[in-house]
Every structure is written in structure tokens, then in C-alpha cells.
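Have a look at the structure below, then the notes.
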Amino acid sequence: MILAPDTHVPKGRPLPQPPRASQVIDSVTFSIVLYAVIIGLIVYGAYSGAQAMGYNWQWYRVPQYFYTVTDDGFQWGEIMQGLVKTLTLSATSFAFATVLGLIIALLRLSGLVVCTAVSIGFLELIRNIPLLVLLYLFYYVLGPIFGFDRYTASVLTLGVFHSVLISEIFRAGINAVAKGQWEAATSIGMSKGQAYRYIILPQSIRFMLPPMTGEVVHMVKSSAIVSVIAVAELTTIGRNIISDTYMSFEIWFTIAAVYMVVTLILSFGVSIVEKRYAVSQ
Amino acid sequence: MTGGTPIIAFDNVDKFYGDFHALKDISISVREGERMVICGPSGSGKSTLIRCINGLEFHNSGVLTVDGVEVYEGSKNILNLRQEVGMVFQQFNLFPHLTVLENLTIGPMKVRKASREDAEETARKYLDRVHIPEQAEKYPSALSGGQQQRVAIARSLCMESRIMLFDEPTSALDPEMINEVLDVMVELADTGMTMVVVTHEMGFARKVADTMVFMEEGRIVEVAEPEKFFTNPESDRCRAFLEQILEH
Ligand SMILES: Nc1ncnc2c1ncn2[C@@H]1O[C@H](COP(=O)(O)OP(=O)(O)OP(=O)(O)O)[C@@H](O)[C@H]1O
Ligand SMILES: [Mg+2]
């Protein structure tokens with residue numbers, strides 16, 4: 001048999017091409033240009049508006065809040081310290097929210113009337129209180145009663161608030177695993193706990209990773225709210241700098257950009273994990 | 001039924017799904033080493049019957065004992081019992097996130113607390129038994145349907161179960177793969193395993209069954225030895241059913 005040459009030309013009629021216009025609109029170049037134009041317009045609008053009101057731009061004063069190099073050597077600036085605080089706060093709260101969320105989801109799925117009722121009650125309670133009010137409750141009411149500080153109040157608030165969202169992600173992920181997996185696990189003698197641990201949860205991670213990424217990003221963003229009780233995280237630092245320097249435009253742009261960089265890096269990191277996970281299945 | 005102690009015994013068992021009466025006054029028993037084949041039209045309660053045996057479903061009244069232990073919802077013995085009773089499903093239900101070898105070892109290691117070495121040794125023995133020793137490191141999705149079902153059989157065997165239940169093990173398979181699974185089941189029958197098989201593969205039934213059971217609308221309509229069952233069934237419904245499926 002003669003091997004087909006590499007320069008194989010399809011014999012069949014080529015498929016009709018989509019219209020020229022939609023080819024252009026669908027192209028990557030077009031989206032990048034469009035994106036750049038929109039961002040450009042916004043920046044230009046903000047800039048010329050600021051000029052019109054006689055705003056005195058002082059971008060040169062911003063870098064010192066990231067780092068300084070003095071005779072004492074290199075030092076991280078206030079914004080970086082705030083960022084570290086935001087990240088530790090988010091990570092701690094997320095860990096707490098994940099554990100609590102898993103417990104709520106398992107209670108909900110337990111099939112026991114009392115457990116289901118407890119979990120639905122908790123769910124509805126938290127879901128129907130605004131995050132800000134929840135924070136005030138933890139800081140001004142529960143804080144003095146149980147004697148915890150503002151940082152603990154923040155972790156509890158964010159953890160409790162996000163645990164509800166995370167429990168729904170767990171529940172959907174667990175339910176997405178085929179019923180036959182339960183039956184197979186059960187029929188080789190696994191207890192419910194073993195079936196969850198070795199069979200169901202490992203499989204549901206695949207379904208949970210994308211919405212969990214969203215939750216991590218959401219957590220980093222909503223952690224900004226604790227600035228109202230003056231926990232020294234990124235947003236609070238931003239406010240402090242502004243009250244010292246009156247550079248509100250520069251600093252808020254900068255703070256927004258820092259949040260954006262962090263959340264983009266997080267999303268990117270998780271998408272890599274996700275791909276690796278998808279391959280190993 | 002002749003001699004031997006029953007290892008499975010249904011005694012006036014009834015089962016409801018809500019208002020729906022799925023099993024009606026079932027009384028039947030299976031001896032140790034017996035091979036029972038159950039057939040009947042769709043919805044007649046065959047799956048429900050065998051799923052009661054390992055407590056995947058629970059009956060509502062009557063007495064069901066398996067290996068001398070009574071089966072009922074909330075029984076403390078149910079987890080131990082399930083180790084004695086293997087089950088093979090129509091849809092294989094292999095664990096897709098584990099390799100073939102891990103599918104076979106996870107039960108012995110986590111449930112029976114066997115060491116990894118012992119579990120893997122047993123696993124390889126049974127992979128040999130189902131004629132796919134070379135697939136151990138693959139994930140189930142890389143296997144054909146027939147191979148997957150043989151892995152599922154090996155997974156149950158790895159628990160060293162004394163009873164094997166099969167719920168239409170070949171009906172999700174492409175025709176050319178049915179025999180490789182049935183062959184493994186015949187070999188298993190030759191080892192003296194107690195088997196309860198729901199299937200419409202009558203060639204297989206003729207070869208291995210000690211007892212044939214015909215169900216309809218939640219009742220056991222006919223229980224007979226294969227010889228009599230296939231040539232001269234007592235009920236007309238059973239006769240009509242057999243004519244219908246043997247035509248194909
Ligand atoms: N979990 C359930 N809830 C409600 N009804 C059910 C449930 N499982 C089965 N049934 C009903 O019970 C009846 C018997 O079902 P079963 O699966 O035992 O039948 P079967 O003989 O195995 O049928 P098939 O050949 O289609 O597998 C059917 O009418 C079915 O609709
Ligand atoms: Mg069935």
C-alpha cells in the first residue's frame with residue numbers, strides 16, 4: 001500500500017464561508033482593538049473631565065506606596081502591606097467558608113429532616129441579610145458579647161456570608177455525580193462517609209472548580225467591605241493615603257488596578273489547575 | 001428446590017415506592033451455590049427484587065434474610081452484609097476518577113482495611129480471571145463497554161463476596177461484546193458462586209441456571225428448572241413472554 005502524501009487536498013466541495021462582516025467581528029484582533037478603544041475612551045473621559053475641574057495629577061507620588069528604597073534599604077510600601085492583609089483575610093475567610101459550606105451542604109443532603117431544616121434555616125437567614133449589616137452584627141453585637149476583635153469579626157462575616165454560596169456549589173457538584181456512583185460505592189460496602197470521601201467528592205471537584213474560582217475572586221473583592229470597620233486591608237489603606245494626600249483619583253485608580261491584577265492572576269492560576277485536572281480524568 | 005440451606009430467603013416481602021406497589025408478596029429462596037435467573041417484562045420489579053438483597057432498596061413488610069442476617073432499613077449489619085454481596089449494574093458504574101487497578105483495590109483497602117500489596121495482588125488475580133490483566137493502569141473511559149463490565153465484575157469479586165447479583169449486565173453493551181461478558185459469568189458460575197442474574201440472555205440462562213424465575217407486575221409468576229421453564233411453562237403469560245423474546 002502506498003502511503004498518502006502529506007499534501008492531501010480535500011476532494012469534496014469546501015464549506016461555504018461565513019459572511020465577511022461576521023468574520024471580522026469574530027476575530028481576536030477586532031476584540032482587542034474594540035477593548036482598547038473602550039478603555040481608551042474611559043481613561044480619556046476621566047482625564048479630560050479631571051483637567052476641566054482643574055485636578056492636579058500627582059502620579060509621581062504613587063510608587064512610594066508600593067515600595068521605597070532609602071538608606072535603610074528596600075521596604076514594601078503601605079499598599080503592598082494592605083494587599084498582604086487583603087490576601088490573608090481572604091484566604092482565611094475562604095478556608096472557613098469552605099469548611100462551613102461543606103458542612104451545610106452535607107447537612108442539606110443528609111436526608112434527615114432535622115439536618116435539612118437546620119441547613120435551610122441557616123441558608124435563608126444569611127442569604128437575606130445584606131453583607132454590610134452582617135458585618136455590623138458581627139462587629140458591634142457579637143464582637144462585644146463574645147469578645148473578638150475586628151479582624152476575627154471580618155473573617156467570621158466573610159466566611160459565613162460566602163459559606164452559603166459555597167454550600168450551593170458543593171450541593172450542585174455533589175448532585176452532578178451520577179446516582180450509579182453512589183450505588184456502586186454502597187454495594188462494595190462503603191459507608192456514606194467513605195462514599196463521599198473516596199468516590200463522590202473527588203468526582204464533584206471537576207464540577208466545582210469553575211464556580212469556586214468565581215467565589216475566590218468574589219471573596220477578594222467583597223473583603224473590601226471590612227474597610228468600614230477599619231481593618232487595615234487594601235481599601236482601608238487607600239482611604240488612609242487619600243486622607244493624608246488628597247490624591248483620590250490616583251489612589252482609587254491604583255487600588256482598583258491592584259484588585260484587578262490579583263483577581264486576574266487568581267483566575268488564570270485556577271484555569272491552569274482546571275486544565276490539568278481535566279486531563280488526569 | 002432441593003437440599004442445601006437457603007442463603008437468601010424472601011418471606012412474604014412487599015415493597016412500595018410511595019403508593020406504587022412494586023413487589024407483591026414475594027416468597028422465594030436461593031441456596032448456597034445456586035444460580036437463579038430472573039426475567040420478565042420491563043417494570044415487573046426485577047431490579048427492585050435484587051436491589052433489596054443488598055439493601056440498595058428496602059422492603060416495607062415481610063422478612064428478608066441474606067446469609068442468616070435479616071435485612072431492614074437501619075440494620076447495623078447492612079454494611080457487613082454488602083461486603084458479602086457483590087453487585088454488577090447495567091451501566092457498569094465504574095469509578096471514572098480511578099484507574100482500573102484502583103477501582104478494584106479501593107473497596108478492599110478502605111472497607112476491608114487490606115494492605116495495598118494484598119489488595120493489588122487480589123486485584124491482579126481477578127483481572128486475570130476476567131481476561132484483561134493488561135488494562136490495570138488505564139482509566140475506565142479508555143476501555144470498551146465489554147471490558148468495563150468485566151472490570152465491574154472483577155471489582156465485586158475483589159471484595160471476596162459470596163453472592164453475586166447481576167442486573168441486566170449485558171443490555172447496555174454492543175452485541176459483539178455481550179459474549180465476552182457472558183463467558184466470564186459462565187466461568188464464574190463454574191466456580192460454584194451463588195448468583196442471581198436478571199437477564200434476557202436465554203442462551204446464558206439455559207447454560208448456567210439452576211432455577212428460572214418469571215416476574216410480572218411485582219409478582220413472581222413462575223419458578224421452574226430451566227428444562228421445564230423453557231419447554232413447558234405453567235403460566236400462559238410466561239409462555240407468551242418467552243415466545244416473544246426467543247423470536248429475536
Ligand atoms: N425509585 C423509584 N421510585 C418510584 N418508582 C420506582 C422506583 N424504582 C422503580 N420504580 C417503579 O417500580 C417498578 C418496577 O421497577 P423495576 O426497576 O424493579 O423494574 P424492572 O423489572 O427492573 O424493569 P426493567 O426491565 O425496565 O429494568 C416500575 O414501574 C418503576 O417505575
Ligand atoms: Mg431493571
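Give me the dipole magnitude in Debye, nearest 20, for region A:75-276 about the Cα centre, with unit charges on the beta carbon: positive for Lys and Arg, negative for Asp and Glu.
Here region A:75-276 has a charge dipole of around 640 debye.
In whole angstrom, note down how far apart the Cα centers of region A:70-130 and region A:208-270 are.
Here the answer is 16 Å between Cα centres.
So for the pair A:Gln23, B:Phe58, with labels modelled 7 Å out along Cα→Cβ, what separation do we get in nm?
Simple spin-label model gives 6.7 nm for this pair.
At 222 nm, what helix-only mean residue ellipticity would chain A give, in deg cm²/dmol to the nearest 500, using -39500 (n - 2.57) for each DSSP H run of four or more?
-23000 deg cm²/dmol
Please give the FRET efficiency for B:Arg206 paired with A:Ser110, using the beta carbon to beta carbon distance and R0 = 41 Å, rounded to the nearest 0.05.
Computed FRET efficiency for B:Arg206 and A:Ser110 comes out at 0.30.
How would you classify region A:1-155 from its alpha-carbon gyration tensor, with a ≥ b ≥ c the square roots of the eigenvalues: rounded for a/c under 1.5, else prolate if a/b is greater than b/c, otherwise oblate?
Here region A:1-155 falls in the oblate category.
Gap in Å between the Cα centre of region B:117-156 and the Cα centre of region B:199-224?
29 Å
Divide the volume of the convex hull of the Cα atoms of chain B by its number of residues and quote the answer in cubic angstrom per residue.
Taking only Cα atoms, chain B has a hull volume of 129 Å³ per residue.
As I understand it, the dipole of the protein assembly as shown uses +1 on the Cβ of Lys and Arg and -1 on the Cβ of Asp and Glu, about the Cα centre. Which of A:Pro16, B:Thr211, B:Phe20 lies farthest toward its positive end?
A:Pro16
Considering the dipole of the protein assembly as shown built from charges on the beta carbon (Lys and Arg +1, Asp and Glu -1) around the Cα centre, which of B:Pro140, A:Ile103, B:Ile153 is farthest to its positive end?
A:Ile103
I need two numbers for region A:75-276: Rg to one decimal and Dmax as a whole number, Cα atoms only, in Å.
19.7, 68
Taking every Cα atom in the protein assembly as shown, find the radius of gyration and the maximum pairwise distance Dmax, and write them in Å.
Using the Cα atoms of the protein assembly as shown, the pair Rg, Dmax is 32.6, 105 Å.
Excluding same-chain residues fewer than 8 positions from A:Lys275, which aspartates and glutamates have a Cα within less than 20 Å of its Cα?
Partners found: A:Glu215.
Using a Cα-Cα cut-off of under 17 Å, which lysines could be cross-linked to A:Lys85, ignoring same-chain neighbours fewer than 8 residues away?
Within reach: A:Lys221.
What percent do you get for the relative contact order of chain A when only Cα pairs under 8 Å and 6+ apart count?
20 percent
Which one, A:Gly238, A:Ile225, A:Gly180, is farthest towards the positive end of the dipole of region A:75-276 when Lys and Arg carry +1 and Asp and Glu -1 on their Cβ?
Highest projection toward the positive end goes to A:Gly180.
Provide the FRET efficiency to the nearest 0.05 for the A:Ile205-A:Phe66 pair, computing r from the beta carbons and using R0 = 45 Å.
Efficiency for this residue pair is about 0.80.
Quick one: if the Förster radius is 22 Å, what FRET efficiency do A:Met260 and A:Leu131 give, using the C-beta to C-beta distance and rounding to 0.05?
0.60
Within the protein assembly as shown, what percent of beta bridges assigned by DSSP are antiparallel, to the nearest 5?
The answer is about 60 percent antiparallel.
Please state the charge dipole magnitude for the protein assembly as shown, taken about the Cα centre, from unit charges on C-beta atoms (+1 on K and R, -1 on D and E), reported in debye and rounded to the nearest 20.
The dipole of the protein assembly as shown has a size of about 1500 debye.
Give the residue list of trypsin sites (Lys or Arg not before Pro) in region B:78-148 that are DSSP loop and have at most 10 other beta-carbon atoms within 10 angstrom.
Answer by residue number: B:Lys113.
Apply the a/c threshold of 1.5 to the C-alpha gyration tensor of region B:127-248 and tell me whether it is rounded, prolate or oblate.
Verdict is prolate for region B:127-248.
Averaging sequence separations of C-alpha pairs under 8 Å and six or more residues apart, then dividing by the length of chain B, give the relative contact order as a whole percent.
Once divided by the residue count of chain B, the mean separation gives 25 percent.
Within region A:21-47, find all residues whose amide N lies under 15 Å from a label point positioned 7 Å from the Cα of A:Leu15 along Cα-to-beta-carbon.
The answer is A:23.
Hey, which lysines would be in cross-link range of B:Lys24, C-alpha to C-alpha under 19 Å, not counting anything within fewer than 8 residues on its own chain?
B:Lys15, B:Lys46
Provide the per-residue ³J(HN,Hα) series for region A:186-195, in order, calculated from phi with Karplus coefficients 6.51, -1.76, 1.60 and θ = phi - 60°, each as a whole number of Hz, with x at glycine and proline positions.
Using θ = phi - 60°, the values come out as 4, 6, 9, x, 6, 6, 4, x, 5, 4 Hz.
Could you give the length gained by full extension between A:Ile120 and A:His8, i.e. 0.36 nm per residue of separation minus their alpha carbon distance, to one decimal place?
34.1 nm
No lab work stands behind these numbers, since they all come straight from the coordinates. Note that the coordinates shown come from a computational prediction; the quantities given were computed from them, not determined experimentally. We place every Cβ from the backbone using ideal geometry, glycine too, and count neighbours over all the protein chains shown.
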